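Presented below is the structure to which this report refers.
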């Protein structure tokens, strides 16, 4: 790559071979932006190997969970977004893009990938997420994709004074 050239971003579904790189990315995300998650770095560091393997296995092969990863043309993982489908709702979580690579469109590509997955596998389901108010760029991205705030808040156990706002994208209507 030429000096000063912007790297390109690719997004793909996680694979079982991504286990170690994914764990490193998740730990880096929790260390960099601890208040953006409903989880803690300490909790993730203490998680058993089987828990990490199960997350990656489920997200790489099942229809009720998925994780997309963003990487650059230079190769490293720079972002992630996960989703689970539960009781008729697609829940988004674990959205993060490395600050050094923000502004390249990774967040939009990740979000569009998960929304396309939800629309194809779980057509007609609501899509919900919780976002910290300080995550202004993420909120703009969600709003650009049709999400609205619901007025419902979530206070994580690890930081009860913190607040996450729920956002919702209603099911896309199908043409008659």
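The values are calculated or read from the model by the stated rules, or taken from the named source; none is laboratory data. All values reported here derive from a predicted model rather than from experimental measurement. Every residue, glycine as well, gets a Cβ built from its backbone with ideal geometry; the counts of neighbours run over all protein chains shown.
Figures for the structure shown
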quantity: Scope the stretch 158-176; condition surrounded by 10 or more Cβ atoms within 10 Å (Cβ to Cβ), assigned to a loop (DSSP other than H, G, I, E, B) and either at pLDDT below 85 or in contact with a helix residue (DSSP H, G or I) (Cβ under 7 Å, 6 or more places away or on another chain) (or both); matching residues; calculated: 158, 159, 162, 171, 172
quantity: Condition check for residue 110: touching a strand residue (DSSP E or B) at 6+ places or on another chain (Cβ under 7 Å), within 19 Å of residue 10 (Cα to Cα), buried (at least 17 other Cβ atoms within 10 Å of the Cβ) and without any contact (Cβ under 8 Å) to a residue 60 or more places away in the chain; calculated: no
quantity: Failed item, numbered, when residue 69 is tested on (1) at pLDDT below 95; (2) in contact with a helix residue (DSSP H, G or I) (Cβ under 7 Å, 6 or more places away or on another chain); calculated: (1)
quantity: Selection count, the stretch 113-137, where residues are surrounded by 15 or more Cβ atoms within 10 Å (Cβ to Cβ), farther than 17 Å from residue 89 by Cβ and either free of Cβ contacts under 8 Å to residues at least 12 places away in the same chain or in contact with a helix residue (DSSP H, G or I) (Cβ under 7 Å, 6 or more places away or on another chain) (or both); calculated: 2
quantity: Count - residues of the stretch 8-40 that are modelled with pLDDT of 95 or more, surrounded by fewer than 18 Cβ atoms within 10 Å (Cβ to Cβ) and either within 29 Å of residue 163 (Cα to Cα) or in contact with a helix residue (DSSP H, G or I) (Cβ under 6 Å, 6 or more places away or on another chain) (or both); calculated: 8
quantity: Among (1) surrounded by 13 or more Cβ atoms within 10 Å (Cβ to Cβ); (2) free of Cβ contacts under 8 Å to residues at least 12 places away in the same chain - the single one residue 46 does not satisfy; calculated: (1)
quantity: Pairs, first on the phi > 0 side of the Ramachandran plot in the stretch 142-160, second part of a loop (DSSP other than H, G, I, E, B), C-beta under 8 Å, six or more apart; calculated: 146/170
quantity: Options 127, 114: the member that is assigned to a helix (DSSP H, G or I) and within 24 Å of residue 64 (Cα to Cα); calculated: 114
